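The values are calculated or read from the model by the stated rules, or taken from the named source; none is laboratory data. Keep in mind the model is a prediction, meaning the values are calculated, not measured. A quick note on method: Cβ atoms are made from the backbone with ideal geometry, for glycine too, and the neighbour counts reach across all protein chains shown.
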Amino acid sequence: MTALDPLAGRRIGIPESRQLDLFADMLERRGATVARCPLVDIRAAPDPAPVRAWVDDIATHGLDAMIWLTGEGVRRLRSFTADDPPGDRERFWRALGAARTITRGPKPVRELKADGIDTDLPAATPTTAGVIAALSDIDLAGHRVGVQLYGTDPNTPLMEALAEHGATAIPVAPYVYADQAENAAVETFIRAIVAGELDAVAFTSSPQVRRLFKVAGRGQRSRQLTEALQDRCVAAVGPLVADALCAHEVRVDLMPESSYFMKPLVRLLSAYFAERAPGAQI
């Protein structure tokens, strides 16, 4: 990109962990100055026993349907079973492939393709509510339904919806979100937002939002942070992130309409600042 790129000279805050470098590189190649703050880390479940019990149960008894909420969940289960005896691993993934596959959003769809599993029922919107709506016309009475959880969130609304359908929900939490960044680093990031040192902040996961406001709350700066973000350009990669921000009364200025990935988010940021460049026709 040339120095005339709309992002040239803009200061963009990105609270990210996994794929931090990839996102930062996209922005920096367009001339932006990136302020990084790794707010969360994704790790394997600290106690592998429940995951092992789940894998063995599915391999032995199979499923009627399987709900995948995240691409990370697919990757973690793939990694978890990577060292299993080949026959056991194949039996497990064959059982998953035989089940009706229900997905929330494009990321699990993409990951499952690598394992030869196609989606039978994608949620129209990539949210829990979207998954629940997708289940509304399915007869699940007496069916075994696997659920890959989003971190350790028990997803009570989805569990209740499955119970109302008469299904037996069999959840698994193959990974956890861990607060990795020291509070001091997060507080520095908050100060930069409050001081108006950033032109935009781009969020790519809801745990980032929760962690940011958790640290702000410890210093009794939640209201300051909300007000400062209301004066910045706030970008969200998708509706789940937007909902987390709205819960803190933060207006979301930019969000991809359907493709919830980093590249479309960068394009939106570029278009946003192009409209605000000196001499731009708005």
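Based on what the data block shows, is R91 out of contact with any strand residue (DSSP E or B) (no Cβ under 9 Å at 6 or more places or on another chain) and of a type in the set (K, R)? In short, yes.
Do we have any residue at all in region 48-59 that's more than 29 Å from V147 (Cβ to Cβ) and not aromatic (F, W, Y)? No, the conditions are met nowhere in region 48-59.
Checking V252, V209 one by one, the residue that is outside the structural domain of E72 (by TED's automatic domain parsing), within 30 Å of L4 (Cα to Cα), of a type outside the set (D, E, K, R) and under 17 Å from the mean Cα position of the chain (by Cα) is V252 and no other.
All of D231, D253 fail the test of being surrounded by fewer than 20 Cβ atoms within 10 Å (Cβ to Cβ) and in contact with a Cys (Cβ under 6 Å, 6 or more places away or on another chain), apart from D253.
Exactly one condition in (1) buried (at least 18 other Cβ atoms within 10 Å of the Cβ); (2) free of Cβ contacts under 8 Å to residues at least 40 places away in the same chain is false for R211; which is it? R211 satisfies every listed condition except (2).
At pLDDT below 95, under 25 Å from M26 (Cβ atoms) and buried (at least 22 other Cβ atoms within 10 Å of the Cβ), is that true of S259?
So S259 fails the test.
Tell me, yes or no, whether region 184-201 has at least one residue that is at positive phi, free of Cβ contacts under 8 Å to residues at least 40 places away in the same chain and not assigned by TED's automatic domain parsing to the domain that holds R104. Within region 184-201, one or more residues are at positive phi, free of Cβ contacts under 8 Å to residues at least 40 places away in the same chain and not assigned by TED's automatic domain parsing to the domain that holds R104.
A count restricted to region 18-63 and to residues that are at pLDDT below 90, part of a loop (DSSP other than H, G, I, E, B) and within 19 Å of I193 (Cα to Cα) stands at 4. Filtered by the rule that a residue be within 14 Å of R36 (Cβ to Cβ) and among the β-branched types (V, I, T), region 194-216 gives V201, T204. Inspection of region 138-146 finds a residue satisfying the criterion of being crowded, with 22+ Cβ neighbours inside 10 Å, touching a Leu at 6+ places or on another chain (Cβ under 8 Å) and either outside any strand (DSSP E or B) or modelled with pLDDT of 95 or more (or both). All of G151, G116 fail the test of being under 20 Å from the mean Cα position of the chain (by Cα), under 20 Å from V55 (Cβ atoms) and either aromatic (F, W, Y) or in a loop (DSSP other than H, G, I, E, B) (or both), apart from G151.
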